[in-house]
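Undergrad: Supplied in structure tokens, the structure appears directly below.
The values are calculated or read from the model by the stated rules, or taken from the named source; none is laboratory data. Computed from a predicted structure; not experimentally measured. Virtual Cβ from ideal backbone geometry, glycine too; neighbours counted across all protein chains shown.
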Amino acid sequence: MIEQTDIIIIGAGPSGSSAAALLRKKGYAVTILERQHFPRFSIGESLLPQSMVFLEEAGLLDIVRENVDKFAFQYKNGASFLRGKQTSFYDFREKFTAGPGTTWQVRRANFDHLLAQGAQALGADIRFGHEVLNVDVESTHPILTIQTEQQETYQIQAKFLLDASGFGRVLPKLLDLESPSNFPVRRALFTHVEDGIVDQAFDREKILITVHEKDHRAWYWTIPFADGRSSFGVVAEQDFFDKYGFEDSTPEALLKRILADDPALSGVLKHAKFDIPVRTLVGYAADVKHLAQHNYALLGNAGEFLDPVFSSGVTIALKSASLAVPLVERVLQGETVDWFEEYEKPLRQGIDVFRAYVEAWYTGEFQDVVFSTYQKKNIQIQNMISSLLAGYAWDTKNPIHSNAKRRLSAIAEYCREGESEEEHALS
């Protein structure tokens, strides 16, 4: 006998839990299938203020706020950048776009668990330890074959299916939806450390992004928590790691060696204790042929993941849930939805803005903008950039939203050449 429900969601991460919460508030039966058990480790600890809008919309902001002290979530109001002796600071409260300017830096294990608990409190049926083996989307209502940890299998059918499986990318793999990313293959090496930071200039209320002094394609993140620990990692292409003896080193030895080769950052983290295993993730950038069809849609990282440099992952995940749920409701009410025009196109508008800034970061253009606009005290451009760094990539009123790649190049040229007419950069 095939079990029945209104909506099946694969994955209980931020996009899955927020979608479930939104759907439960509308009264639909929701079943979440999650292969792992929570809490579980996940990378991506630095939230963006835009996320607060979506968490509140889903009714999940209060449960996070109530547990800030318990889990040492760190209040966050911006981003700091370091490149050799150059520094810059962006305060997200000073931005072009209206909306929240603060958020938190969180241990994702606790944060994701809280969101899942919030969805459960609203009535979502979350089945931990249940793995999707097969999906049939040929019929009007998708049918999934599931295996439990006890090796028992069963089938469940829904009126609509949402894939929020993140890097697991369940539907892209099972339905052959994967498409090559145009980003180079990069590796991330990361861990959590007891940071031991005593530098009075270090601002725990901001993520620190450090450009490697000898190779500007490589960068480090330092994301402080409120209990003296930090998430720490480095991102680069493989040839960068090879220079440090990748094949002959343990992940911890490799990460320490790379840190020691950057004088500015190694000074900040000179007392850091590496007390848990160092992890690695390679080839994480991903894309798909399409994000939705008539009876399923991909949310968050299950559809596309760009790069961790601007911490956009959770924001895109929550935005995708916010966009998809009203459309799912229309499908359940018998309406026809143009998923490309009404979901994929508007979601990708913001993703493409993030993409332009990620690409320009690695070419060096956006790095020059980040450091130069701060030094020039150009408040107008700073506030526009601050909005994007805070996650407001869907604000079409921001002058640097439209034709982001071209306008970013113009701003970079202005920053490099010291042009006095800033209007040229925004024209």
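A quick yes/no check of all residues on (1) under 30 Å from VAL68 (Cβ atoms); (2) in a strand (DSSP E or B):
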residue: ALA226; (1), (2): yes, no
residue: PHE232; (1), (2): yes, yes
residue: ALA236; (1), (2): no, yes
residue: PHE240; (1), (2): no, no
residue: LEU259; (1), (2): yes, no
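Undergrad: Same structure, new question: Tell me, which strands (runs of 3 or more DSSP E) lie completely within the stretch 113-224 with 3 or more residues that are closer than 28 Å to GLY364 by Cα and modelled with pLDDT under 95?
TA: Ranges flagged: 186-194.
Undergrad: Every residue in the stretch 66-108 that is part of a loop (DSSP other than H, G, I, E, B), hydrophobic (A, V, I, L, M, F, W, C), in contact with a strand residue (DSSP E or B) (Cβ under 8 Å, 6 or more places away or on another chain) and surrounded by fewer than 19 Cβ atoms within 10 Å (Cβ to Cβ), please.
TA: Scanning the stretch 66-108 gives VAL68, ALA72.
Undergrad: Step by step: first the residues of the stretch 118-145, then only those that are of a type in the set (A, V, I, L, M, F, W, C) and touching a Leu at 6+ places or on another chain (Cβ under 6 Å), then the one that is surrounded by the fewest Cβ atoms within 10 Å (Cβ to Cβ). Which residue is that?
TA: Here the answer is VAL135.
Undergrad: Would you be able to tell me the number of residues in the stretch 188-212 that are among the acidic types (Asp, Glu) and in contact with a Pro (Cβ under 7 Å, 6 or more places away or on another chain)?
TA: Of the residues in that region, 1 qualify.
Undergrad: Criterion first (free of Cβ contacts under 8 Å to residues at least 12 places away in the same chain and either under 19 Å from GLY303 (Cα atoms) or in the same structural domain as GLY303 (by TED's automatic domain parsing) (or both)) does GLN150 satisfy it?
TA: yes
Undergrad: Could you give me the residue pairs with C-beta distances under 9 Å whose first residue belongs to the stretch 203-216 and is among the polar types (S, T, N, Q), whose second residue is in a loop (DSSP other than H, G, I, E, B) and surrounded by 23 or more Cβ atoms within 10 Å (Cβ to Cβ) wherever it lies, and which are 6+ apart or on separate chains?
TA: Correct list of pairs: THR210/ASP262.
Undergrad: Filter the stretch 155-181 down to the residues that are over 27 Å from GLU45 (Cβ atoms) and of a type in the set (S, T, N, Q), then identify the one that is farthest from the chain's Cα centre (by Cα).
TA: Filtering the stretch 155-181 for residues that are over 27 Å from GLU45 (Cβ atoms) and of a type in the set (S, T, N, Q), the one farthest from the chain's Cα centre (by Cα) comes out as GLN155.
Undergrad: List the helices (runs of 4 or more DSSP H) inside the stretch 313-408, counting only whole elements, that have at least 3 residues being small (Gly, Ala, Ser).
TA: By residue number, 313-332, 345-363.
Undergrad: Still on this structure: Tell me which residues, restricted to the stretch 108-154, are farther than 28 Å from GLN333 by Cβ, acidic (Asp, Glu) and within 28 Å of the chain's Cα centre (by Cα).
TA: Matches in the stretch 108-154: ASP112, GLU131.
Undergrad: Right, another one. Of all residues being out of contact with any helix residue (DSSP H, G or I) (no Cβ under 6 Å at 6 or more places or on another chain) and either of a type in the set (Lys, Arg) or not in a loop (DSSP other than H, G, I, E, B) (or both) in the stretch 281-297, which is modelled with the highest pLDDT? Just the residue, please. Can you show your working first?
TA: Keep residues of the stretch 281-297 that are out of contact with any helix residue (DSSP H, G or I) (no Cβ under 6 Å at 6 or more places or on another chain), which gives 281-287, 289-290, 293-296.
Next cut, either of a type in the set (Lys, Arg) or not in a loop (DSSP other than H, G, I, E, B) (or both) only: 281-282, 286-287, 289, 296.
Working: LEU281: 88, VAL282: 85, ALA286: 73, ASP287: 80, LYS289: 88, TYR296: 97.
Among residues in the stretch 281-297 that are out of contact with any helix residue (DSSP H, G or I) (no Cβ under 6 Å at 6 or more places or on another chain) and either of a type in the set (Lys, Arg) or not in a loop (DSSP other than H, G, I, E, B) (or both), the one modelled with the highest pLDDT is TYR296.
Undergrad: Please verify whether the stretch 272-290 includes one or more residues that are under 16 Å from SER15 (Cβ atoms) and touching a strand residue (DSSP E or B) at 6+ places or on another chain (Cβ under 9 Å).
TA: Looking through the stretch 272-290, at least one residue is under 16 Å from SER15 (Cβ atoms) and touching a strand residue (DSSP E or B) at 6+ places or on another chain (Cβ under 9 Å).
Undergrad: So is ARG355 under 30 Å from GLY84 (Cα atoms) and either under 18 Å from the mean Cα position of the chain (by Cα) or of a type in the set (A, V, I, L, M, F, W, C) (or both) or not?
TA: Considered against the rule, which asks whether it is under 30 Å from GLY84 (Cα atoms) and either under 18 Å from the mean Cα position of the chain (by Cα) or of a type in the set (A, V, I, L, M, F, W, C) (or both), ARG355 comes out as yes.
Undergrad: Counting just the residues of the stretch 230-249 that are farther than 16 Å from ARG217 by Cα and touching a residue at least 24 places away in the same chain (Cβ under 8 Å), which one comes out surrounded by the most Cβ atoms within 10 Å (Cβ to Cβ)?
TA: Of everything passing the filter in the stretch 230-249, SER230 is surrounded by the most Cβ atoms within 10 Å (Cβ to Cβ).
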